[in-house]
Amino acid sequence: MITFVWAEDQNRLIGREGDLPWNLPADMAFFKKVTLTGNVAMGRKTLDSIPNPPLKNRVNYVMTRNQSFDQPGVVICHSKEELLEAAEKTDKPLHVIGGVSLFEAFIDEVDMLYRTVIHDTFEGDTFMPEIDYTQFELVEKREGTVDSNNVHAHTFEIYKRKH
Ligand SMILES: NC(=O)c1ccc[n+]([C@@H]2O[C@H](COP(=O)([O-])OP(=O)(O)OC[C@H]3O[C@@H](n4cnc5c(N)ncnc54)[C@H](OP(=O)(O)O)[C@@H]3O)[C@@H](O)[C@H]2O)c1
């Protein structure tokens with residue numbers, strides 16, 4: 001099973017200058033809980049945005065075209081086919097965690113979407129590709145808790161592809 005796990009603002013913004021545009025620990029916790037059920041796939045720039053890579057207790061598949069790229073603790077893949085071949089050796093869910101190029105590459109295969117909507121607008125430069133939500137069914141929707149550490153209203157949504 002392939003999933004997407006991401007957070008976007010009201011304009012589908014997901015990134016700013018190689019980082020997240022917001023600080024929302026509750027979403028980081030949600031991300032961790034979901035992705036710990038399987039392994040993660042990401043683009044090289046998303047890897048660069050992670051403070052102490054790799055993400056622990058998950059196989060980290062990283063896509064790069066750079067043949068000499070090296071990063072301890074990750075599985076480097078130079079194509080989608082190579083990534084899928086590596087990931088198929090386990091029956092765990094493959095959580096695609098961005099960025100844009102990875103979401104675009106897996107849009108036709110993705111089975112589930114874990115979308116956090118942040119009900120705010122931010123400045124940034126990286127946007128989630130458009131998704132045809134008519135192909136998916138909303139199976140869970142939960143309002144996040146706003147508190148002093150999580151000042152942006154947010155909603156956790158889970159979609160399943162209609163078959
Ligand atoms: N809000 C969220 O949920 C979320 C999630 C993920 C990321 N982000 C944000 O998004 C930004 C990073 O994402 P991004 O979209 O700019 O970059 P990205 O997709 O993470 O990485 C792009 C890189 O992936 C490699 N790549 C892409 N397609 C490939 C292919 N077909 N074959 C081999 N390698 C391939 C290339 O690496 P090389 O250049 O090394 O060849 C490319 O430059 C950051 O700001 C990050 O914080 C946000």
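We did not get these values from a lab; they are worked out from the coordinates using the rules stated. Everything numeric here is computed off the predicted structure, so don't read it as measured data. Here the Cβ is made from the backbone with ideal geometry for all residues, glycine too, and neighbour counts use every protein chain on show.
Miscellaneous remarks
- Screening GLU109 on (1) surrounded by 13 or more Cβ atoms within 10 Å (Cβ to Cβ); (2) outside any loop (DSSP other than H, G, I, E, B) shows it passes everything except condition (2).
- Annotation for the stretch 63-78: at least one member residue is surrounded by 12 or more Cβ atoms within 10 Å (Cβ to Cβ) and under 16 Å from the mean Cα position of the chain (by Cα).
- Of the residues making up the stretch 3-33, those that are crowded, with 18+ Cβ neighbours inside 10 Å and more than 10 Å from the ligand (Cβ to nearest atom) are THR3, PHE30.
- Filtering the stretch 37-66 to residues that are in a loop (DSSP other than H, G, I, E, B) and among the β-branched types (Val, Ile, Thr) leaves THR37, ILE50, VAL59, THR64.
- Unmet requirement for PHE103, which otherwise passes all of (1) free of Cβ contacts under 8 Å to residues at least 60 places away in the same chain; (2) within 8 Å of the ligand (Cβ to nearest atom); (3) not polar (S, T, N, Q): (1)
- Residue under evaluation GLU81, criteria (1) part of a helix (DSSP H, G or I); (2) within 8 Å of the ligand (Cβ to nearest atom); (3) free of Cβ contacts under 8 Å to residues at least 40 places away in the same chain, criterion not met: (2)
- Summed over the stretch 118-146, the residues that are in contact (Cβ under 8 Å) with a residue 24 or more places away in the chain and not in a loop (DSSP other than H, G, I, E, B) give a count of 7.
- Where a residue in the stretch 38-65 is more than 17 Å from MET28 (Cβ to Cβ) and its partner, wherever it lies, is surrounded by fewer than 17 Cβ atoms within 10 Å (Cβ to Cβ) and of a type in the set (Phe, Trp, Tyr), with Cβ under 9 Å and at least six apart: ARG44/PHE69; VAL62/PHE69
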